[in-house]
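Written out below as structure tokens is the structure these notes cover.
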Amino acid sequence: MALVPFNELMTAAEEGGYAVGYFESWNLESLLATADAAEAARSPVILGFSGLYLPHPRRQVHESLRVYAVMGLATCRHLTVPCCLLFNESPELDWVLESIDLGFNLVMFADERLGAEELVTTVAQVVEKAHARGIAVEGEMKPLPGLHGEPETNGFAMLDDPLTARAFVERTGVDALAVNVGQTHTHGRSQTRLDLERLAALRQAVPVPLVLHGATSIYSPDLVEAIRLGVRKINVGSILKRTYFETLRRASNQVGDAYNPYDIIGSGFPEDVLTQARVAVQERIIELMQLFGSAGKAA
């Protein structure tokens with residue numbers, strides 16, 4: 001099955017009443033963990049990378065988006081379940097435009113520094129280039145609180161207005177819209193509740209699939225109800241990194257002084273700490289696919 005257009009994933013999700021998970025990767029182990037989970041669960045999946053952190057000026061080593069694109073696309077083409085590759089939520093327009101050239105199936109530009117009109121103009125520019133190449137674009141009117149890892153948000157959450165959201169979609173031409181309905185990025189430190197009434201109103205007003213960001217911090221029953229109300233894509237990131245790090249830390253602490261470095265790093269053996277972290281992420285993703293209702297939905 002391998003790569004399919006994003007809109008095809010969304011059409012199948014709408015018909016099946018489930019949500020497709022975007023499980024954000026940051027290295028080879030996390031990318032392959034996502035792929036392995038999708039195969040094991042027989043689930044459609046969205047793979048991809050952070051457009052916020054890959055180009056971030058604070059990175060100690062500078063990354064090549066081309067390398068990540070090649071790695072991601074090769075992994076997608078190897079899969080037997082429906083999938084696509086996302087360059088997610090980047091404020092760097094040149095990186096987003098490059099991601100289109102490199103063959104990502106779905107791209108997203110988002111910059112909280114822009115005013116509403118400038119954001120619409122820029123997103124419409126991205127849509128024009130992407131659609132000319134058969135690539136989909138996700139939009140967002142404003143980012144969730146806590147996006148940059150702020151320790152607390154003091155319960156502050158923004159709610160999208162349905163009429164404003166519809167106008168944004170109509171003016172930009174985006175293929176999906178990430179909506180704010182009460183969630184915040186607490187990165188797993190606490191759970192937030194969704195304004196499901198507002199979500200239902202947005203679903204009625206907006207003519208494209210709805211997306212929820214920040215799933216790590218959303219109360220699980222609310223996620224299930226959000227899917228019932230029409231959310232068709234859910235972004236997951238923090239819980240995967242927490243799972244990876246905590247497993248890696250625990251596994252490393254169990255390694256004694258008389259270790260063989262070839263066994264514990266890169267061997268793929270049970271004692272390989274990177275493999276243990278990868279498997280833990282895979283297992284967590286399978287659990288989320290079951291929650292999202294996408295497990296077993298691959299043809």
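Would you be so kind as to identify which of Gly16, Ser99, Leu54 lies farthest towards the positive end of the dipole of the chain, taking Lys and Arg as +1 and Asp and Glu as -1 on Cβ and the Cα centre as origin?
Gly16
So, counting K/R as plus one and D/E as minus one, what does the shell of residues with Cβ under 14 Å around Leu54 add up to?
Numbers: positive: Arg58, Arg59, Arg66; negative: Glu24, Glu63, Glu89, Glu92, Asp94, Glu98.
Here the count lands on -3.
Report, in deg cm²/dmol and to the nearest 500, the calculated mean residue ellipticity at 222 nm for the chain, where each DSSP H run with n ≥ 4 adds -39500 (n - 2.57) and the sum is divided by the residue count. Mind showing how you got there, number by number?
On the way: 11 runs with 137 residues, N = 299.
Helix contribution divided over all residues of the chain: -14500 deg cm²/dmol.
Give me the net charge of Thr275's neighbourhood, meaning all other residues with Cβ under 14 Å from the Cβ of Thr275; Lys, Arg count +1, Asp, Glu -1.
Working: positive: Arg250, Arg278; negative: Glu29, Asp36, Asp263, Glu271, Asp272, Glu283.
Summing Lys and Arg as +1 and Asp and Glu as -1 gives -4.
Work out the charge dipole of region 6-292 with +1 on the Cβ of Lys and Arg and -1 on the Cβ of Asp and Glu about the Cα centre, then indicate which of Val255, Leu65, Pro143 is farthest towards its positive end.
Val255
Note the full-extension length gain between Tyr262 and Val67 as 0.36 nm times their separation in residues minus their Cα-Cα distance, in nm to one decimal. Show your work: numbers first, answer last.
Numbers: separation 195, 0.36 × 195 = 70.20 nm, distance 2.54 nm.
Working it through step by step, the gained length comes to 67.7 nm.
If R₀ is 22 angstrom, what is the calculated FRET efficiency for the pair Leu196 and Gln290, using the beta carbon separation as r and rounding to 0.05?
Details: r = 21 Å, r/R0 = 0.97.
Approximately 0.55, to the nearest 0.05.
In region 95-123, which residues have a backbone nitrogen under 12 Å from the label point lying 7 Å from Arg171's Cα in the Cα-to-Cβ direction?
Counting backbone N atoms under 12 Å from the label point, the list is 115-123.
Go ahead and collect, in residue order, the members of region 97-121 whose backbone nitrogen is under 16 Å from a label point 7 Å along the Cα-Cβ direction of Lys129.
Within reach of a label on Lys129: 97-111, 119-121.
Which of the trypsin sites (Lys or Arg not before Pro) found in region 42-108 are in a DSSP loop and have at most 12 neighbouring Cβ atoms, other than their own, within 10 Å?
Details: sites: Arg42, Arg58, Arg59, Arg66, Arg77; in loops: Arg42, Arg58, Arg59.
Loop-located and lightly packed - Arg58, Arg59.
Quick one: of the DSSP bridges fully inside the chain, what percent are antiparallel, nearest 5?
If we restrict to bridges inside the chain, about 5 percent are antiparallel.
Along the Cα→Cβ direction, 7 angstrom out, place labels at Tyr219 and Glu8. What is the inter-label distance in nm?
With each label point 7 Å from Cα toward Cβ, the separation is 3.9 nm.
Size of the dipole of the chain about the Cα centre, Lys and Arg at +1 and Asp and Glu at -1 on the beta carbon, nothing else charged, in debye to 20? Spell out each step's value before the answer.
Details: 25 positive and 37 negative charges, 63 e Å.
I would put it at about 300 debye.
Every number in this text was worked out from the coordinates using simple rules, so none of it is lab data. Owing to the predicted nature of the structure, the values given are computational and were not obtained by experimental measurement. Ideal geometry is used to build each Cβ from the backbone, glycine not excepted, and the neighbour counts take in all protein chains shown.
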